[in-house]
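Data block below; observations after.
Just so you know, all these numbers are worked out from the coordinates, no wet-lab data involved. The model shown is predicted, which means the values in this text are computed figures rather than measured ones. Here the Cβ positions follow ideal geometry from the backbone for every residue, glycine too, while neighbour counts run over all protein chains shown.
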Amino acid sequence: MNTWCMLISFGVFQTHYMTTFSLAPSTVSWTGSVAILLLFAGGTVSGALTDAGHFRPTAIWWRSRSSSSTPSRPPWPKGALFDWAPWGEPEYALYAGGAFLTFVGLFFPFFYLASYARDIQHLSYSDSLNLLLVLNGVGIVGRLVPGFLALWFGTFNVFTTLVATTALTMYFWAAVSSLEGLYVWRVFFSLSMGGIQSLFPAALAALKFDAQKQGTRMGMVFAVIGFDSLIGPPISGVLVKNSGGRYLTAQVFSESCMVAGLVLLLAAREVKRRREGLKLMSKF
């Protein structure tokens, strides 16, 4: 099981530890949240190494692709872990803020859907885990198809559309009142959220910053996402506990974070569009 599989299936552990050891939801969430932070925080190191001209060993380290088919480019003399300059660029700062808020809300269903199914829909432990199988199975399609759509409509456009549809789908979660409805909701959520995970690095690259410092800029956004993923699920757990085991408050919190993130992402797009004199419906 690779790191991503463990994280997007963390609801299995969330439900097990809450049930077996009677732990508070937020207490269990910290385990998965720290794992997400460590995963994304590695982006700052790999980004700096890539900018320094060490893409191949970095790619091998991440085991994300074969390095033999990737050409080298002239190395940048320094590979900084952090660079203040991008934060003065409105589209970069807006994108980072939008990604932060989006991922605060995005991981809530990963962690709590199985527990919600047990507590609210009264499913057995094994049946509640079937929802996670739907998530992972349908999510494969959700991760692959948006990449092809991006070729036709533009990466950033597809990415923001998926954030919007995922946020809308999250709002419908509160209206689900049956097991059948929950499965239908899960399919739509999986289809839309998968593209967010697969396209968010490419969406940042679509803003077209300095190519020699792209790795550092990407790594900083990864660190931002790691931090929000660290705090998002535990906050949701506290909201569930303080609501007497009801999930509505946590659902609204997560949904609202995603909507706020969408607003910032669209603002980043508008800044870029005006700066480059592009039409409103331009492809990028």
field: Length gained when the stretch I140-R246 is fully extended (0.36 nm per residue, less Cα-Cα span)
entry: 35.1 nm
query: Tally Lys and Arg at +1 and Asp and Glu at -1 over the other residues with C-beta under 15 Å from the C-beta of N157: what net charge comes out?
result: +3
statement: Karplus ³J(HN,Hα) for the range 127-137 (6.51 cos²θ - 1.76 cosθ + 1.60, θ = phi - 60°; Hz, whole; x = Gly/Pro) runs 5, 5, 6, 4, 5, 5, 5, 5, 4, 6, x
statement: For the pair A175 and W152, the simple spin-label estimate (label points 7 Å beyond Cα toward Cβ) gives in nm 2.7
- line: Diffing the range 32-37: the Karplus 3J(HN,Hα) column from phi (6.51, -1.76, 1.60, θ = phi - 60°), in whole Hz with x for Gly and Pro, holds x, 5, 5, 4, 5, 4
statement: Short to long, in 5 Å steps from zero, the percent of alpha-carbon pairs of the range 228-276 per bin is 5, 20, 19, 16, 13, 9, 8, 6, 3, 1, 0
- prompt: Can you pull the percent of Cα pairs in the range 121-277 with separation above 21 Å?
  reply: 54
- request: Rounding to the nearest 20 debye, state how big the charge dipole of the range 127-284 is about its Cα centre with +1 on each Lys and Arg Cβ and -1 on each Asp and Glu Cβ.
  value: 620
- prompt: Under the Karplus relation 6.51 cos²θ - 1.76 cosθ + 1.60, θ = phi - 60°, what is the ordered set of whole-Hz ³J(HN,Hα) values for the range 268-284, x standing for Gly and Pro?
  reply: 4, 5, 5, 4, 5, 4, 6, 5, 9, x, 8, 6, 4, 9, 4, 8, 6
